[in-house]
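Visitor: Below is one structure. I have some questions about it.
The values are calculated or read from the model by the stated rules, or taken from the named source; none is laboratory data. Everything numeric here is computed off the predicted structure, so don't read it as measured data. Reconstructed Cβ throughout: ideal geometry from the backbone, glycine too, with neighbour counts over all protein chains shown. Ligands, DNA and RNA are excluded from the accessible area calculation, which covers all protein heavy atoms including side chains. Shrake-Rupley method; radii C 1.70, N 1.55, O 1.52, S 1.80 Å.
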Amino acid sequence: MRYGKSIALLMAGLTLFSRETLALETTETPIPLEVFLQGSSSPELKALVEEQGGTVTHNLHLIDAVGAELTREQLDLVLQSPKVGRFFDDLSVAGGPSEEPVDGENSCDIGGSLQLDIQGATVSWALFNKRADPASLERLDLTWPETLGGVRSIRLGNTALNPQLYQNASAGTVSLEFDASAHHSAPTLVGTQKLTIAFESAAAGPLRQRDFEFTAEFAGDCTLELIPGYDDNHENFHYNTVVGVDALQRNGITGRGVTVAVIDSGLWDDPALINDTNGIPRVLARYDAISNSETEGVFDASGHGTHMTSVIAHNGATTKAGKPTGAFKGVAPDVNLVSVKAFDVEGQGDFLDIVRAIQWVVDNRETYNIRVLNLSFAARPRWHYWLDPINQALMHAWASGITVVAAAGNEGPEPMTIGSPGNLPFIITVGAVTDSWTPADKDDDYIPDFSSRGPTPSGHIKPDIVAPGGHITGLTRPGSSLTRDHPEYLLSTGELVMTGSSQATALVSGIAALLLQLEPDLSPDDIKCKLTTSAEPAINRDGLLAYSPLQQGHGYVSATRAVTLGERGCGNADMDIAVEMSGTGHSQGPAIVDDNGAPSLPGLAEMLSPEPAAKGFSDTRKWGAKAHVERLDLIPRPPGLPPNNTSSLFDWMNVYQLERQKIENLSRPPSQ
């Protein structure tokens, strides 16, 4: 828990006291423990705690529990009561909102800006050394359009690099290596400095960042690469295009009338977030679960909660060459919002606050018409999913009609790394996929290593789906811990670009809101069914899966396909949440242990392609039956010609034809 370390330090400090000090110990007030108690009912547990002189800090009636402060002596007396079914005093959440480095970055405390400043014949790349000591540049590789000619000068901050290193370089590329000699001594990076390259000529036409390739290697095995970037990142965040959201938005599907609750680190009151597309305020409530207050606001010291809310609900219009496209930057720009704070400036929280946050959402679901709950955090599971207090509360949320969307986590690529609460089989668990900075081309979209993999300890297949989670642009509070810790991820226009399954989760929460605007009677199980049955799996040319279901779930989410092809009635069809909540039965997933002792699925060896999935462009991998069938020309061939066949395990042709028939039926005008 957040206070556990302080208590441990205080207790350890007692061993340093003199005997005279220790003699006074019996007169000092004992240090209370923070504990979780669960049993007969929260009122009875509250009375029990107070009877022994303890203090109830969290009334968790939703799961018949309380959080309390008790001395060890008081706790021993409380535990003698048969009203207490279980207790523990380690209240930490070993995880929480976390981010992965954006593509091309690493974790060596040196970062490169996501943006290249291009001014005529001069380009500048801002570099950030977050270490206390200077960082020595050992190698620099530069590639640029030949129309710029050769290099006139290279500077790192105010230090000019020796021209002898590049004066004989051919136009378009140069590699510089630095050593300890007087002429080639290594320049050092201190704090924030710009790497500035001046070329001989200015380009005749506009230049794009992807026209340049820069790599800087620093001492200590630290390599930075300039990312390709989007050509118009401020105008268009692009993830809505990748998953088909923009097509729905242009037809008026913007989440209006639906409320999404976000449990996170709070919310920055920026007009693009607190108002809808008509400028009307749409934050219906703010609740601080840490202080248990509805009136103190939800100041976002971290910035994480604001970034998640931006992905869900940013009301800014996307533009092209300055002209509106009819789409928006947020997935559901007209949803109503409820912001619930349960994480602090460092993105840390204890599970008592998280359970209280979920309970508040459930208790107020009808007041604010809360239909979707976004949980962009993950922690290492500590119990069976049905014993986890957070998951117990979430089962109540799901059963009450709230669609819960949670992050898979950022602990991949090893199996069984799905976090809690994403390990709860009922809810929608989202892994990440990246578009490799090419939103119009899915051939280079892949599942990055960080995205957590299944199965869960109970053998369930997770994640359920994958969604864009690489380099996601959004708003966050200026001066937040995210902006201080990651200045290299800030765009010149103020937005922050972050990567993780958190962002993928927020995107799916927005899609759920769009579906509910179209069909308000959808249950959480229906939403899950629509998203999973319409997702597009990654398929290799041989017709086998490019990724295991334990990596990709049902596949790549698609908002348009969820609307047109998504089905009802299949979500959690093989599980009974009422039985789970009563504690009389629990679900076991299909995962097995293979002959090598690794987690697997029955028949997975035959379903999974032997060709490893490429991390980037692949001429083998396609997302979805349609793309797979059409690239192989599997349309029925004339008699006498052999079939262009692939694996017989999956009938992708049948899937393709059924989907095409359904789309054709939808496109026909209704019969008179």
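Visitor: Nearest 0.05, what FRET efficiency do ILE592 and ALA198 give at R0 = 60 Å with Cβ-Cβ as r?
Guide: Taking R0 as 60 Å, the efficiency between ILE592 and ALA198 is 0.45.
Visitor: What aspartates and glutamates does LYS530 reach when the alpha-carbon gap must be under 20 Å and sequence neighbours fewer than 8 apart in one chain are set aside?
Guide: Reachable aspartates and glutamates: ASP246, ASP464, GLU519, ASP521, GLU567, ASP574, ASP576, GLU659, GLU664.
Visitor: If r is the Cβ-Cβ distance from ASN654 to ASP363 and R0 is 45 Å, what FRET efficiency results, to the nearest 0.05?
Guide: The formula returns an efficiency of 0.45 here.
Visitor: Same structure again: Please list, by residue number, every one of the chymotrypsin sites (Phe, Trp or Tyr not before Pro) in region 488-566 that is coil in DSSP and has at most 14 other beta-carbon atoms within 10 Å.
Guide: none
Visitor: Report the extension gain between HIS384 and ASP576 in nm, rounded to one decimal, defined as 0.36 nm multiplied by the number of residues separating them, less their alpha carbon distance.
Guide: 67.4 nm
Visitor: If you don't mind, another one. From the square roots a ≥ b ≥ c of the eigenvalues of the alpha-carbon gyration tensor of region 231-290, which class results: rounded (a/c under 1.5), prolate (a/b over b/c), or oblate? Please report the intermediate quantities before stating the final value.
Guide: Values: a/c = 1.96, a/b = 1.60, b/c = 1.22.
Note, shape of region 231-290 comes out prolate.
Visitor: Please give the peptides 209-218, 531-540, 144-153, 258-267 ranked by average Cβ packing (other Cβ atoms within 10 Å per residue), highest first, as a rough proxy for protection. All intermediate terms of the calculation are to be shown ahead of the outcome.
Guide: Numbers: 209-218: 18.8, 531-540: 23.7, 144-153: 17.1, 258-267: 28.2.
Final packing ranking: 258-267, 531-540, 209-218, 144-153.
Visitor: At 15 angstrom or more along the helix axis (alpha-carbon based) and mean Kyte-Doolittle of 0.0 or higher, what helices does the chain contain? Whole DSSP H runs only.
Guide: Taking the DSSP H segments of the chain (at least 15 Å long, mean hydropathy at least 0.0), we get 351-363, 389-399, 501-518.
Visitor: Here's a follow-up. What whole-number value in Å² describes the accessible area per residue of the chain for a 1.4 Å probe?
Guide: Counting only protein heavy atoms, the per-residue value for the chain is 42 Å².
Visitor: Could I ask something else about it? Would you mind checking which residues have amide H under 5 Å from THR499's amide H? H placed 1.01 Å from N; only 5 or more apart, or other chain.
Guide: The answer is GLU100, HIS471, ILE472.
Visitor: Give me the extension gain from ALA614 to ARG208: residue separation times 0.36 nm, minus the current Cα-Cα distance, reported in nm with one decimal.
Guide: 143.6 nm
Visitor: Read phi for every residue in region 137-152 and hand back ³J(HN,Hα) as whole Hz from Karplus 6.51 cos²θ - 1.76 cosθ + 1.60, θ = phi - 60°, with x for Gly and Pro.
Guide: Here the 3J(HN,Hα) series is 7, 9, 8, 9, 10, 10, 10, 8, x, 5, 5, 7, x, x, 8, 8 Hz.
Visitor: Semi-axes of the equivalent ellipsoid of region 201-341: what are they in whole Å, largest first, if each equals the square root of 5 times a C-alpha gyration tensor eigenvalue?
Guide: Largest first, region 201-341 gives 34, 23, 11 Å.
Visitor: Moving on. Under the rule of -39500 (n - 2.57) per DSSP H run of 4 or more residues, summed and divided by the residues of the chain, what mean residue ellipticity at 222 nm is obtained, to the nearest 500 deg cm²/dmol?
Guide: Taken over the chain, the calculation gives -6500 deg cm²/dmol.
Visitor: I've got another one for you. Cα gyration tensor of region 479-523, axes a ≥ b ≥ c as square roots of the eigenvalues: rounded (a/c below 1.5), prolate (a/b > b/c) or oblate?
Guide: prolate
Visitor: Treating the beta-carbon of each Lys and Arg as +1 and of each Asp and Glu as -1, no other charges, what is the dipole magnitude of the chain about its Cα centre, to the nearest 20 debye?
Guide: Details: 47 positive and 83 negative charges, 296 e Å.
It works out to roughly 1420 debye.
Visitor: Which order, highest average first, do 169-178, 426-435 follow once you tally other Cβ atoms within 10 Å for each residue and take the mean per peptide?
Guide: Details: 169-178: 15.0, 426-435: 28.6.
Highest to lowest by the protection proxy: 426-435, 169-178.
Visitor: A further question on this structure: How much of the accessible area of the chain, probe 1.4 Å, is carbon plus sulfur, in whole percent?
Guide: 51 percent
Visitor: When a/c is below 1.5 the answer is rounded, else prolate if a/b is larger than b/c, else oblate, so apply that to region 361-461 with a ≥ b ≥ c taken from the square roots of the Cα gyration tensor eigenvalues.
Guide: Oblate is the answer for region 361-461, as a/c is 1.5 or above yet b/c matches or exceeds a/b.
Visitor: Same structure, new question: Quote the charge dipole size of region 116-186 about the Cα centre in Debye, to the nearest 20; the model charges only the Cβ of Lys and Arg (+1) and of Asp and Glu (-1).
Guide: Values: 5 positive and 7 negative charges, 39 e Å.
Rounded to the nearest 20 debye, it is 180 debye.
Visitor: At what distance in angstrom do the alpha carbon centres of region 320-352 and region 379-438 lie from each other?
Guide: First find each Cα centre; the distance between them is then 19 Å.
Visitor: Net charge around LEU387, counting only other residues with Cβ within less than 15 Å of its Cβ (Lys, Arg = +1; Asp, Glu = -1)? Intermediate results must be reported in sequence, preceding the final value.
Guide: Working: positive: ARG86, ARG380, ARG382; negative: ASP64, ASP90, ASP388, GLU580.
The answer is -1.
Visitor: Kindly list the residues of region 35-59 that lie in the label zone of ASN292, defined by a backbone N under 18 Å from the point 7 Å along the Cα-to-C-beta vector.
Guide: 35-39, 41-59
Visitor: A further question follows. Please compute the length gained on full extension between ARG484 and ARG152, using 0.36 nm multiplied by the number of residues separating them and subtracting their Cα-Cα distance.
Guide: Fully extending the segment from ARG484 to ARG152 adds 116.1 nm.
Visitor: Still on this structure: Can you give the FRET efficiency to the nearest 0.05 for ASP449 and SER40, using r as the Cβ-Cβ distance and R₀ = 45 Å?
Guide: Result of the calculation: an efficiency of 0.45.
Visitor: Now for a different question. Out of residues 5 or more away from ALA379 or on other chains, whose amide H comes under 5 Å of its own, with H placed 1.01 Å from N in the peptide plane?
Guide: The answer is GLY96, SER420, GLY422.
Visitor: Then there is this: Put a dot 7 Å past each Cα toward the Cβ at GLU414 and LYS83; how far apart are the dots in nm?
Guide: Taking the two extended label points, one gets 4.3 nm.
Visitor: Same structure, new question: So, by mean Cβ neighbours within 10 angstrom, what's the order for 186-197, 367-378, 245-256 with the highest one leading?
Guide: Listed from highest to lowest mean packing, they are 367-378, 245-256, 186-197.
Visitor: Counting Lys and Arg as +1 and Asp and Glu as -1, what is the net charge of the other residues whose Cβ lies under 10 Å from the Cβ of VAL557? Provide the component values of the computation, followed by the final result.
Guide: Numbers: positive: ARG561; negative: ASP464, GLU536.
The answer is -1.
Visitor: Summing Lys, Arg as +1 and Asp, Glu as -1, what charge do residues with Cβ under 9 Å from the Cβ of ALA313 carry, ALA313 excluded? Don't skip to the answer; put the middle values down first.
Guide: Numbers: positive: ARG282; negative: ASP276, ASP334.
My count for the surroundings of ALA313 gives -1.
Visitor: Collect residues whose amide H, placed 1.01 Å from N in the peptide plane, falls under 5 Å from the amide H of ARG152; neighbours closer than 5 in sequence don't count.
Guide: Under 5 Å from the amide H of ARG152: ALA198, PHE199, GLU200.
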